[in-house]
Amino acid sequence: MQLADQPRVRQWQLLLLLPAGFLLVLFIVSLGAIANLSVNGPQGLTLEHYARFLSTPVYAYVLYKTVRTATAVTFVTLILAYPLSYLMSCVGRRTARVLTIAVVLPFFTSVMVRTFAWIVILGRRGFVNEYLGRLGVIDVPLSLLYNPSAVLLGMTYVMLPYMILTLHSVMRGIDRNLLRAAQNLGAGSVETFWRVVLPLTLPGIMSGSLLVFLLSLGFFITPALMGGPADLLVATVVQREIELTMNWGFGCAMAMTLLAITLLGFVLYYRLAGFGRLLSAEER
Amino acid sequence: MATAGLRGLLTFPTPRTANAPRVERPLGPPAMQNRGAGVRMDKIRKVYGDIAVVGDISLDIRAGEFFTLLGPSGSGKTTLLQMIAGFVSPSGGEVFIDGRSVVRVPPQHREVGMVFQNYALFPHLTVFENVAFPLRVRRVSRSAIRERVDNLLRLFQLEGLGGRMPRQLSGGQQQRVAVARALVFEPRALLMDEPLGALDKKLREELQLELKHLQRRVGATFVYVTHDQEEALTMSDRVAIMRRGVIEQVGDPREIYERPATLFVAGFLGETNLITGLVKGLEPIGGITVETHDGGRIRGMAPSRVGVGESVVAAIRPERIAVVNDGPGTGTVEGVVDEAVYLGDSIRWKVRTAQHGVVVVKEQNRANQQVRQVGEHVHLQWLPTDVRVFAAAV
């Protein structure tokens, strides 16, 4: 019975190669092309683009600022997401479901639309300036956009759901009895948090932070739309190099450098996420 | 459940509870000489919606006794325990530990240890750190912690396992760590919620006696929750039998087994022949005559008042019935052996009688035990004092 079925299943499984083929063509090949462009000069193979990128102060500064922004976004996101995730894991199932939907809801619209929404809110003639002006708090509209804080705000907003969902999945797995046990053994709320909750959620903190950090590194739309001319991040510069100055080699070298940093991060991420999965599996 | 969790997690001590003094006692010598605390409940009640999970229970658990709450699942025993621990706040009534009302005292200040059914060992801490936890939060000095925890690990035969993680231990070892952790801060009472439920039968029997000995040595009050009657009878000084949120009977194991106060207790503990009938006549000192539906007569004792003509159930333990060969005498019932089951240490007969239906008899398998054949005519005998008569459940 099973033997007779096997060939058919195998044939059917061949269909699964189709998406794999897509991936191969779309990603591997195009990535290869980019890598190829980044090391190709007029005189054959060269690393001059990489050298220029990393040694030119302006570009090195952009790279530094990108990493710094991603770090800041990660930090702020973590601080904001942690209490909410904790709350979500404590409340009843129905409330938790409503909260989860609320968290996931932004995914239904594009990042572009959501970023423009922020521009509508914070713009020179946006809601905030309008109301503050009407209330007489300010005479001249505040410039709330096109500065590093606006980039931080916009990016944090976009990244928050990723962090919340990652943290929530870890927190939900914590046995409530452990918290009761801690209390019973004499630990108050604060002590229970430091000695039990925080250590047990550490894997979630690690993987959530890495996920947000990596996504932030290559983030394009929000920093490009909400940042000022001084707030260029790597992704934006890559786009300009290729689209405006047609400097393919240099743009590709920057993209590859960013990719290298991201890959390094992903190796770390999988180590930690794997560790987290291991821990929760063993608990059960 | 979820709201209870929320309350436990998110409430920071309100000013009132924050000022409640923690019962500060110096940590005694490792011999753990400890006078237990009495736990008294006064009309305690827990209502969820329309359902009274625990309904107006008053109970006085004496200092230093091994007290068991026994009942089927859903009888409210765990809720009652959690109200003592402080995880569930009662809808009404009071809980006193050592004469002090603790209803407003948060769990971390109640100074009662608790062993959870799944042990609730901290998975990120070693065995040593788990046992040291209550001392760490009490800011006991490092050297004192080391000494106490090492002593306790030795006492619980966990020497050399201090560096292990809980998941690396066997079920029995985890259980011992949980008990050690709950005792290390010398609580005056130890609460246990089916702590042996997850273990296999042989280990469970071993640990039952271990816990009993431990309780004698430690001297703390043990409040034990179980649905296993054998466990309750083996370990307890006294047992409360619970059903649907109320206590049916409180007494020592012998009392509740031999003199059940209600039909539920009689049926819940051990095996019992239940024979229905009507009250025919009353005798002095609780004596009663019952006429069974098949025309037989049974004399017995009624623990609570029943009236003539009332429909009742007569309960007789199988081991209190003797099988005899001949001679119709007083209190003998005629019957035919319907089934014989050999149990090694005992033999169970099912005897079909004309007046009382099928009656189960259990006899010790003694050296001169007579072997009855199926179909054999026998007589059954019992004492009227071994028959308990209860009003039939409506």
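The values are calculated or read from the model by the stated rules, or taken from the named source; none is laboratory data. Not measured: the values here are computed from a predicted model. Because the Cβ atoms are built from the backbone with ideal geometry, glycine has one as well, and the counts that use them run over all protein chains shown.
Spot the failing condition for B:Ala178; the list is (1) part of a helix (DSSP H, G or I); (2) within 11 Å of B:Met235 (Cβ to Cβ); (3) hydrophobic (A, V, I, L, M, F, W, C), and only one is missed.
It fails just one condition, (2).
Please go through (1) touching a residue at least 24 places away in the same chain (Cβ under 8 Å); (2) more than 9 Å from chain A (Cβ to nearest Cβ) for B:Leu121 and return the number of the only condition it doesn't satisfy.
(2)
Does the range B:48-65 contain any residue that is at pLDDT below 90, surrounded by fewer than 14 Cβ atoms within 10 Å (Cβ to Cβ) and of a type in the set (A, V, I, L, M, F, W, C)?
yes
If you go through the range B:100-109 one residue at a time, how many are in a loop (DSSP other than H, G, I, E, B) and either within 8 Å of another protein chain (Cβ to nearest Cβ) or of a type in the set (A, V, I, L, M) (or both)?
We begin by selecting, within the range B:100-109, every residue in a loop (DSSP other than H, G, I, E, B); these are B:102-106.
Those left that are additionally either within 8 Å of another protein chain (Cβ to nearest Cβ) or of a type in the set (A, V, I, L, M) (or both): B:102-103, B:105-106.
The qualifying residues number 4.
Could you tell me which of the residues B:Val374, B:Val358, B:Val378 is part of a loop (DSSP other than H, G, I, E, B), β-branched (Val, Ile, Thr) and either out of contact with any Ser or Thr (no Cβ under 9 Å at 6 or more places or on another chain) or closer than 28 Å to B:Phe264 by Cβ (or both)?
Going through B:Val374, B:Val358, B:Val378 in turn, the sole match is B:Val374.
Taking the range B:279-292 only, how many residues are over 16 Å from B:Arg259 (Cβ atoms), surrounded by 15 or more Cβ atoms within 10 Å (Cβ to Cβ) and touching a residue at least 24 places away in the same chain (Cβ under 8 Å)?
Summing the residues that are over 16 Å from B:Arg259 (Cβ atoms), surrounded by 15 or more Cβ atoms within 10 Å (Cβ to Cβ) and touching a residue at least 24 places away in the same chain (Cβ under 8 Å) in the range B:279-292 gives 4.
Within the range A:124-140, is even one residue part of a helix (DSSP H, G or I), away from chain B (no Cβ under 14 Å) and in contact (Cβ under 8 Å) with a residue 40 or more places away in the chain?
The answer is no; no qualifying residue exists.
Before we move on, is B:Phe133 at the interface with chain A (Cβ under 10 Å from one of its Cβ atoms) and at pLDDT 95 or above?
In short, yes.
So in the range A:84-116, with the set limited to residues that are outside any helix (DSSP H, G or I) and within 13 Å of A:Val158 (Cβ to Cβ), which one is farthest from the other protein chains (Cβ to nearest Cβ)?
Restricting to residues being outside any helix (DSSP H, G or I) and within 13 Å of A:Val158 (Cβ to Cβ), the top hit is A:Ser110.
Output yes when any residue across the range A:131-140 is touching a Leu at 6+ places or on another chain (Cβ under 8 Å), modelled with pLDDT of 85 or more and more than 30 Å from A:Ile174 (Cβ to Cβ), and no when none is.
yes
Residue by residue through the range B:263-282, note down the ones that are in contact with a helix residue (DSSP H, G or I) (Cβ under 9 Å, 6 or more places away or on another chain) and either on the phi < 0 side of the Ramachandran plot or of a type outside the set (Gly, Ala, Ser) (or both). Give the steps one after another, and end with the answer.
At the first step, the residues of the range B:263-282 found to be in contact with a helix residue (DSSP H, G or I) (Cβ under 9 Å, 6 or more places away or on another chain) are B:265, B:268-274.
Of everything in the range B:263-282, those that are in contact with a helix residue (DSSP H, G or I) (Cβ under 9 Å, 6 or more places away or on another chain) and either on the phi < 0 side of the Ramachandran plot or of a type outside the set (Gly, Ala, Ser) (or both) turn out to be B:Val265, B:Phe268, B:Leu269, B:Glu271, B:Thr272, B:Asn273, B:Leu274.
Among (1) outside any strand (DSSP E or B); (2) under 28 Å from B:Leu282 (Cα atoms); (3) of a type outside the set (A, V, I, L, M, F, W, C); (4) over 32 Å from the mean Cα position of the chain (by Cα), which single condition is B:Glu334 missing?
That leaves (1) as the condition not met.
Only residues that are surrounded by fewer than 23 Cβ atoms within 10 Å (Cβ to Cβ), modelled with pLDDT of 90 or more, more than 7 Å from chain B (Cβ to nearest Cβ) and part of a helix (DSSP H, G or I): list them for the range A:172-191, please.
A:Val190 - this is the single residue of the range A:172-191 that is surrounded by fewer than 23 Cβ atoms within 10 Å (Cβ to Cβ), modelled with pLDDT of 90 or more, more than 7 Å from chain B (Cβ to nearest Cβ) and part of a helix (DSSP H, G or I).
Here are some conditions: (1) under 18 Å from the mean Cα position of the chain (by Cα); (2) within 14 Å of chain A (Cβ to nearest Cβ). B:Leu209 meets all but one. Which one does it not meet?
Answer for B:Leu209: the failing condition is (2).
Hey, can you tell me all the residues within the range A:37-65 that are in a helix (DSSP H, G or I), of a type outside the set (Ser, Thr, Tyr) and loosely packed, with under 12 Cβ neighbours inside 10 Å?
Answer for the range A:37-65, where residues must be in a helix (DSSP H, G or I), of a type outside the set (Ser, Thr, Tyr) and loosely packed, with under 12 Cβ neighbours inside 10 Å: A:Ala51, A:Pro57, A:Val58.
Every residue, every condition in (1) in contact with a Phe, Trp or Tyr (Cβ under 6 Å, 6 or more places away or on another chain); (2) surrounded by fewer than 21 Cβ atoms within 10 Å (Cβ to Cβ); (3) more than 24 Å from B:Arg62 (Cβ to Cβ); (4) modelled with pLDDT under 90, yes or no:
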{"site": "B:Asp252", "(1), (2), (3), (4)": "no, yes, no, no"}
{"site": "B:Ile256", "(1), (2), (3), (4)": "no, no, no, no"}
{"site": "B:Phe264", "(1), (2), (3), (4)": "no, yes, yes, no"}
{"site": "B:Gly267", "(1), (2), (3), (4)": "no, yes, yes, yes"}
{"site": "B:Asp294", "(1), (2), (3), (4)": "no, yes, yes, yes"}
{"site": "B:Ile298", "(1), (2), (3), (4)": "no, no, yes, yes"}
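Would a scan of the range B:160-167 turn up a residue that is within 9 Å of chain A (Cβ to nearest Cβ), part of a strand (DSSP E or B) and of a type outside the set (D, E, K, R)?
No; the residues of the range B:160-167 include none that is within 9 Å of chain A (Cβ to nearest Cβ), part of a strand (DSSP E or B) and of a type outside the set (D, E, K, R).
Modelled with pLDDT under 90 and in a loop (DSSP other than H, G, I, E, B): does that describe A:Leu144?
yes
Are any of the residues in the range A:105-115 of a type in the set (Lys, Arg) and more than 30 Å from B:Arg110 (Cα to Cα)?
Yes, because at least one residue in the range A:105-115 is of a type in the set (Lys, Arg) and more than 30 Å from B:Arg110 (Cα to Cα).
Is there a residue in the range B:73-93 that is within 29 Å of the chain's Cα centre (by Cα), closer than 23 Å to B:Gly171 by Cα and surrounded by fewer than 19 Cβ atoms within 10 Å (Cβ to Cβ)?
yes
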